[in-house]
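Presented below is the structure to which this report refers.
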Amino acid sequence: MVDCIVTVKGVPDFREGKVHFKEDNTLNRGETPTVLNPSDRIALMAALEIKVKHGGKVTVVSMGPLGYKTVLQEALEVYGDDAYLFSDRQMGGADTLATAYTLGMGMKKIGLPDIVISGFKTADGETGQTGPQTAWLLDYPIITHVISIEVDTGNRKVLARRLAGEDIEEIESPLPCYIITDPNFEASYRSATHRLRFLKLQEETRARAATIDSVFKAWNATELGLDPKKIGLKGSPTIVNKVEAIPTAPRERTAKVISGKDDQALAEVAKQIAQAIRG
Amino acid sequence: MEKFEAVVVGAGIAGLAAAYELARNGVQVLVLERGKSPGQKNVTGGILYGQSDSPYNLDYLFPDFAKTAPVERRITKSFMHNIAGDQVKTVDTTPLHEYKTKWAYSLLRGAFDRWFGDQVHKAAEKNGGGVLCNVRVKGPLMENGRIVGVLCEELDEIRADLIIAADGATSDLTRAAGLRGWGRPDTWFQGVKVVVKMPTADIEKQFGVKGDEGTAHLFAGDVFGGTRGGGFLYTNKDTLSIGTVFHLDSVAAKKTEPHRHLDRLIKHPIVANMLGGKYEELEYSAKLIPDGKKMALRSPYRDNLLAIGDAAGQMKAAGPIIKGMNLGVTSGILAAQAYLKAKKDNRLNEAGSNYASALQASYVGRELFNSGGGFMKGIFSFGPTKAIAEWGAVNTGMGMNRAIAGMNDYALASIAPDDDFTYLTLPVRIAQKMGQKVSAQAATPKTRTTDERIAALTYDTDIGREHIQLTDSSVNASGRAVMTCPVSASDSSRGCYRIETVVDPSGKEVTKVVLDTQPCVECGTCALMAATTWHTPRGGKGVGYQYG
């Protein structure tokens, strides 16, 4: 049995057609739906692989407004036995350190697992700091950029393969430990029994996701016993000086639209291309 | 090493029937399917029959399948359209359709096999088994010269007491186990089909059916340019299945791309009028169909590997009526029961021989291995007899009526020789002598081009791991594939096979066959028509039919 906690975050849905910007090019949060951070899906797949192969429990945790319940629901569709949301007005404006403190304290209250798994960076902040800072606060050894995991339950250790640039490194770590999955992480199921268990677990977790309430808990700062000085904006040493919008590239030449479906239109296109080539 | 009591390879109708019978009798059964879901690789014409002379039909497994399974329509009427130009003589072949038929339903394999797969998975889960998709079985696992399990591409080897090869017409497993080879072009039929959208109200109006009723229409005559075979149109709930089936050697000999016959049939006034001026193609598909007379394995087992359905070459053609799926269901149930008996008798290694005997004693054996049929066929094909028959059929009114009556004679239909007389001469003469001119009352359907058909299919391509390799790209060795491949065409820019003339480094022009496996529909035609190494793509890769 190997127990895992997976950290997840709600991020703006940056997909074409979903994302909306204000006139000043900043994100229109009101119009843009919040979804599960894509990298966290991979972290959940890693936890599911461990569950399939070794049993145990997968707990999903997140910090954010109460509306993030839908994000946890999305996470549970991938996999989760239960889900916790750390939610309090005081937690607002947290930087990565304040977030790591909150997550770490939450995990201690839940009960520390054998493995904590986080995805590689969030789609909005992109700092990649929360995972390592949480590991540091928990005093767990950390393996980043993990593309495959093997757990040796007898010797209580993990053998992970990590992508270091173009090289693949094999890292051994004692349990408990902290894993950050790489976007290239791939679960491997070479046994029919494992694949059948995967299907069963998938079916069960989808049913749980649909009726999340029985496995969902929200805890505020008091319930978590958090030091008010270490959470939210107050607990965040990071100072964001300025955010600069990436300017739109200037148009280098004027484009001419030629419409029509007949040969004449085609001839016109050919003519224009020929002219452009001649200069 | 992993071990399951039984492994069934292929979640088609035969494999699922076997697995369900095993699972509900307490056997731990694992079904391995290379598609992303059951049915994704499967194509039928198609009508599923229940045989009145066998208890082992689909209703043996699911007594109320007609209510619970996604079948399309109960086929209550069948017609044979004999065509000579625009002259058509339609013969009511309902008696032939009803011969030894308990029931008949049109169906589409995408929806049907998915449903069937769900039932099997639920039943198998209870004994620690289930249906796993995205797994390709490469061949048998051998130990001391005996088959003891299966080798998979995506999984480690699996041992089993019973292995059922239900991996279809192109079966990798039966070939790897040495049960059969690819055969020859004349041992196969090739079928191509389109599924066409038609609202239920239009189907009821155009075909005069109501409720769950449906009709089957069969076509023969000169509309196929002398290629030996015929066409069909079956009504589904809100679609039509329209297709053609030809002897593969005839397709090759006539040098006509198979889809052109299909298009010609769809555009013929008799079919165009049925379509009523509307034509919306949903899906194009193709498959090889074993000619059961020549392909059916009389001893379809080796050790505890038992082959069923298409993998064992089981197909029965009674004139224009082609039965395949029901043979698969029956042989699947028989194979499962043969194992159960062997287990009960404590003689596990007798599963294969139990199965062979049960098959022989069933209608499958009677229909496919019946030597009497061969004898009668010999007489029928014998020159003078044929000439007399032809003269009688063609030149006297009585002969004509007898010929028409003959179309409903099951025994006669079963032994009709595979020659031009059956496929062309007789239907054409009937149409000429007794038919009426059919004029187009609706706009001619605009069929899709091969490029459009390929573009409308869904593929998960496996670039860099091509499942077919050309071993000889000379036109002499592989040129026939260009014409016979159902997803290649002379006017196609994106088909599988092309002939290209290139200038080699020495400045010499070289004409050779070029293969692109991306649009492949995995029918197996080119395994017979070109010099290739051919196997199915790995799990989850390749074409994925929606309707089938």
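The values are calculated or read from the model by the stated rules, or taken from the named source; none is laboratory data. The structure presented is a predicted model; accordingly, all values stated were derived computationally and were not measured. Glycine also receives a Cβ, built like all others from the backbone with ideal geometry; neighbour counts cover every protein chain displayed.
Here residue B:439 fulfils each of the conditions (1) touching an Asp or Glu at 6+ places or on another chain (Cβ under 9 Å); (2) part of a helix (DSSP H, G or I) apart from (2).
Name the single residue, out of those in region A:186-208 being among the aliphatic types (A, V, I, L, M) and in contact with a Gly (Cβ under 8 Å, 6 or more places away or on another chain), that is nearest to the other protein chains (Cβ to nearest Cβ). It comes out as A:196. Within region B:290-302, can one find any residue that is in a strand (DSSP E or B), buried (at least 22 other Cβ atoms within 10 Å of the Cβ) and in contact with a helix residue (DSSP H, G or I) (Cβ under 8 Å, 6 or more places away or on another chain)? Checked region B:290-302: at least one residue is in a strand (DSSP E or B), buried (at least 22 other Cβ atoms within 10 Å of the Cβ) and in contact with a helix residue (DSSP H, G or I) (Cβ under 8 Å, 6 or more places away or on another chain). Of B:311, B:296, B:307, B:286, all but one fail to be in contact (Cβ under 8 Å) with a residue 60 or more places away in the chain and under 27 Å from residue B:198 (Cα atoms); the exception is B:286.
Looking across region B:145-154 at every residue that is assigned to a loop (DSSP other than H, G, I, E, B) and touching a residue at least 24 places away in the same chain (Cβ under 8 Å), the one that is nearest to the other protein chains (Cβ to nearest Cβ) is identified as B:154. Within the span defined as region A:233-248, every residue fails to be at pLDDT 90 or above, crowded, with 17+ Cβ neighbours inside 10 Å and away from chain B (no Cβ under 14 Å).
Conditions (1) crowded, with 23+ Cβ neighbours inside 10 Å; (2) in contact with a helix residue (DSSP H, G or I) (Cβ under 9 Å, 6 or more places away or on another chain), marked per residue:
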{"residue": "A:6", "(1), (2)": "yes, yes"}
{"residue": "A:13", "(1), (2)": "no, no"}
{"residue": "A:16", "(1), (2)": "no, no"}
{"residue": "A:19", "(1), (2)": "no, no"}
{"residue": "A:22", "(1), (2)": "no, no"}
{"residue": "A:77", "(1), (2)": "no, yes"}
{"residue": "A:84", "(1), (2)": "yes, yes"}
{"residue": "A:90", "(1), (2)": "no, yes"}
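Counted as qualifying within region B:28-144 are the strands (runs of 3 or more DSSP E) with 1 or more residues that are within 14 Å of chain A (Cβ to nearest Cβ) and touching a strand residue (DSSP E or B) at 6+ places or on another chain (Cβ under 7 Å), namely B:29-32, B:130-132, B:137-143.
Of the residues making up region A:112-148, just one is at pLDDT 95 or above, of a type in the set (Ser, Thr, Tyr) and in a loop (DSSP other than H, G, I, E, B), namely A:140. Does region B:335-350 contain any residue that is touching a helix residue (DSSP H, G or I) at 6+ places or on another chain (Cβ under 8 Å), among the aliphatic types (A, V, I, L, M) and not in a helix (DSSP H, G or I)? Looking through region B:335-350, none of the residues is touching a helix residue (DSSP H, G or I) at 6+ places or on another chain (Cβ under 8 Å), among the aliphatic types (A, V, I, L, M) and not in a helix (DSSP H, G or I). Return yes or no: is residue A:26 modelled with pLDDT under 95 and either under 24 Å from residue A:114 (Cα atoms) or surrounded by fewer than 12 Cβ atoms within 10 Å (Cβ to Cβ) (or both)? Against the criterion (modelled with pLDDT under 95 and either under 24 Å from residue A:114 (Cα atoms) or surrounded by fewer than 12 Cβ atoms within 10 Å (Cβ to Cβ) (or both)), residue A:26 qualifies.
Within region A:149-179, being in contact (Cβ under 8 Å) with a residue 12 or more places away in the chain, closer than 16 Å to residue A:53 by Cα and outside any loop (DSSP other than H, G, I, E, B) holds for A:149, A:151, A:157, A:158, A:159, A:160.
In region A:175-185, the qualifying residues are those that are aliphatic (A, V, I, L, M) and buried (at least 21 other Cβ atoms within 10 Å of the Cβ), and the one that is nearest to the other protein chains (Cβ to nearest Cβ) is A:179.
Conditions (1) in a helix (DSSP H, G or I); (2) not aliphatic (A, V, I, L, M), marked per residue:
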residue: B:447; (1), (2): no, yes
residue: B:463; (1), (2): no, no
residue: B:483; (1), (2): yes, no
residue: B:488; (1), (2): no, yes
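State which residue is modelled with the lowest pLDDT when the search covers only region B:375-418 and only residues that are of a type in the set (D, E, K, R) and out of contact with any Lys or Arg (no Cβ under 7 Å at 6 or more places or on another chain). Applying the filter and picking the extreme gives B:377.
Whenever a residue of region A:8-21 is farther than 25 Å from residue A:129 by Cα, its partners that are surrounded by 12 or more Cβ atoms within 10 Å (Cβ to Cβ) and aliphatic (A, V, I, L, M), lying with C-beta atoms within less than 9 angstrom and at least six residues away or across chains, give the pairs A:18/A:35; A:20/A:27; A:21/A:27.
Condition check: away from chain A (no Cβ under 14 Å) and either under 26 Å from the mean Cα position of the chain (by Cα) or basic (Lys, Arg) (or both). Does residue B:162 satisfy that? It would help to see each step written out before you state the result.
Details: away from chain A (no Cβ under 14 Å): yes; either under 26 Å from the mean Cα position of the chain (by Cα) or basic (Lys, Arg) (or both): yes.
For residue B:162, the condition - away from chain A (no Cβ under 14 Å) and either under 26 Å from the mean Cα position of the chain (by Cα) or basic (Lys, Arg) (or both) - is met.
Say whether the condition of being free of Cβ contacts under 8 Å to residues at least 60 places away in the same chain and outside any helix (DSSP H, G or I) is met by at least one residue in region A:74-83. Within region A:74-83, none of the residues are free of Cβ contacts under 8 Å to residues at least 60 places away in the same chain and outside any helix (DSSP H, G or I).
Comparison of B:190, B:206 shows that the only residue that is surrounded by fewer than 24 Cβ atoms within 10 Å (Cβ to Cβ) and touching a helix residue (DSSP H, G or I) at 6+ places or on another chain (Cβ under 6 Å) is B:206.
Among residues of region B:1-27 being surrounded by fewer than 24 Cβ atoms within 10 Å (Cβ to Cβ) and of a type in the set (Asp, Glu), the one that is farthest from the other protein chains (Cβ to nearest Cβ) is B:5. Among the residues of region A:3-51, those that are within 12 Å of the chain's Cα centre (by Cα), under 17 Å from residue A:144 (Cα atoms) and outside any helix (DSSP H, G or I) comprise A:6, A:7, A:8.
Can you say whether residue B:167 is surrounded by 22 or more Cβ atoms within 10 Å (Cβ to Cβ), charged (D, E, K, R) and either within 14 Å of chain A (Cβ to nearest Cβ) or not in a strand (DSSP E or B) (or both), as far as the supplied structure shows? In short, yes. Could you go through region B:320-332 and let me know if any residue there is within 26 Å of residue B:448 (Cβ to Cβ) and in a strand (DSSP E or B). Yes. For region A:115-133, the count of residues that are over 21 Å from the mean Cα position of the chain (by Cα), among the basic types (Lys, Arg) and surrounded by fewer than 21 Cβ atoms within 10 Å (Cβ to Cβ) is zero.
For region A:223-263, the candidate set comprises residues that are touching a residue at least 40 places away in the same chain (Cβ under 8 Å) and among the polar types (S, T, N, Q); within that set, the residue that is farthest from residue A:275 (Cα to Cα) is A:236.
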